[in-house]
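Single-structure report; data block below.
The values are calculated or read from the model by the stated rules, or taken from the named source; none is laboratory data. All values reported here derive from a predicted model rather than from experimental measurement. Because the Cβ atoms are built from the backbone with ideal geometry, glycine has one as well, and the counts that use them run over all protein chains shown. Heads up: the accessible areas ignore ligands, DNA and RNA and are worked out on the full protein's heavy atoms, side chains in. Shrake-Rupley method; radii C 1.70, N 1.55, O 1.52, S 1.80 Å.
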Amino acid sequence: MMDHDMIPVIAIVTLFIGLPWLIFHYVTQWKKGASISVEDENLLDELHALARRLEDRMNTIERIVAADNPGFRPSLHNDRDEDLELTRAQTREPLTTRTRRRDH
């Protein structure tokens with residue numbers, strides 16, 4: 001007879017305590033996973049610096065080849081990249097809620 005009295009109590013506890021706890025637990029996990037980690041941000045910074053160095057090397061190589069070969073026409077990516085970088089800088093939002101700025 002005790003089992004029949006416990007069923008409504010278990011149902012109420014499950015509905016009003018267990019399910020909200022479960023939902024809030026996974027919402028918290030989802031929000032945690034939605035932000036970029038410090039390690040990922042550092043990796044992005046390193047990759048950005050590497051891309052800048054590679055771009056500088058390409059520009060240097062193009063200038064050397066253009067000096068040696070008068071018929072050489074360097075690629076037009078420099079103008080487009082500067083325009084794109086200006087557009088990105090104007091609309092860029094920080095990757096995380098922390099506000100930090102590093103010059104590259």
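Once both labels are positioned 7 Å from their Cα atoms along Cα-to-Cβ, the gap between Thr28 and Asp3 label points is 3.5 nm.
If the chain between Leu15 and Leu54 were fully stretched, how many nm would it gain, using 0.36 nm times the residue separation less the Cα-Cα distance?
Working: separation 39, 0.36 × 39 = 14.04 nm, distance 5.83 nm.
Taking Leu15 through Leu54 to full extension adds about 8.2 nm, to one decimal.
How large is the translational diffusion coefficient of the range 14-60 in µm² per second when you combine the Kirkwood radius over alpha carbon pairs with Stokes-Einstein at 4 °C and 1.567 mPa s?
Here the translational diffusion coefficient equals 93 µm²/s.
With protein chains left intact and a 1.4 Å probe, residues in the range 1-79 average 87 Å² of accessible area per residue.
Which value, in Å² rounded to 10, gives the accessible area of Ile64 with a 1.4 Å probe and all protein chains present? Ignoring ligands and nucleic acids, Ile64 comes out at about 90 Å².
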